[in-house]
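A short worksheet on the structure shown next.
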Amino acid sequence: MDFEQTTMTADDRIRPDGGIDALDPPPTDIMDEETLDPAALAQNAPKLETVVQLLNQPALARVYVYVCYWGPVSPPEIMDGLELSKSTTYEYVDQLVDLGLVDRDDSTRPQQLTADPIIIIEQYVPIVITPTVLHALALQEVDEDVEYFMDRYGAGKLVAALRGAGLHFAGKTTQRMVATDIDVRDTEAMMIIYALEPALTVGRTHDPFFEHLFPDVHDQMDLPSLDEVDGAPTESDSPE
């Protein structure tokens, strides 16, 4: 399966849980001899590794999102912005560079880091991953409510909650409706909706694929300004 960046027409196949509906089963010839060629599988392996690393390591995803949204940035800026130790910062940066997610310019001192936003959309597996989704997952590193929700329900339901939160802030659904839709308690829905607000606020401005998650309401959400979100990049932080 090729997990390279892709685009999709924003249509009604977007699911409430943030994925897309697989309206029909995949054609039987989708896994043909060419697709299953060992060389082709080996070529796509690093892309799968990239996705797995970010989903399974929220601390790593947090650094990636920081560089993606704020770049170009230096390692000391990451240390200060995310309150990480020097050794941890360079460990994560090296890992992200090895994964091909971060570019490192060693011609300057301090070195400058940049990252392109990624989007993964798979038609036959209902999933959409963008920097906003990765930001939401990374919040568990700094937010006890997100950490609790992840421990109790896992990443898939967190993505569902993210979609529900966007619909709520757009006035399309109530907290109780979100709770029913994603099958959590009312108090948990209220908790996670507001815990995910920073990811929505920053993503709406900095995630170029935000509309893929919210094609119907991306411009209707009542969210705070960036300067009201702790640690959020503002327009003045953006490079010229």
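General observations
- Residue satisfying all of: in region 59-78; in contact (Cβ under 8 Å) with a residue 60 or more places away in the chain and open to solvent by 10 Å² or more (accessible area, probe 1.4 Å); farthest from Q112 (Cα to Cα) among these: A59
- Complete set of residues in region 82-107 that are in contact with a Pro (Cβ under 9 Å, 6 or more places away or on another chain) and either open to solvent by less than 50 Å² (accessible area, probe 1.4 Å) or assigned to a loop (DSSP other than H, G, I, E, B) (or both): T89, V93, L99, G100
- Only listed residue being at pLDDT 95 or above and under 17 Å from the mean Cα position of the chain (by Cα), chosen from V65, V93: V65
- Matching entry among A165, A115 (being touching a strand residue (DSSP E or B) at 6+ places or on another chain (Cβ under 8 Å) and among the small types (G, A, S)): A115
- Taken across region 137-144, residues that are open to solvent by less than 40 Å² (accessible area, probe 1.4 Å), farther than 21 Å from E77 by Cβ and touching a residue at least 40 places away in the same chain (Cβ under 8 Å) do occur, with at least one present.
The values are calculated or read from the model by the stated rules, or taken from the named source; none is laboratory data. Bear in mind that the values here come from a model prediction, so they are computed numbers and not experimental data. All Cβ positions, glycine included, derive from the backbone under ideal geometry; neighbour counts span all protein chains shown. We work out accessible area using only protein heavy atoms, side chains counted, and drop any ligands, DNA or RNA first. Shrake-Rupley method; radii C 1.70, N 1.55, O 1.52, S 1.80 Å.
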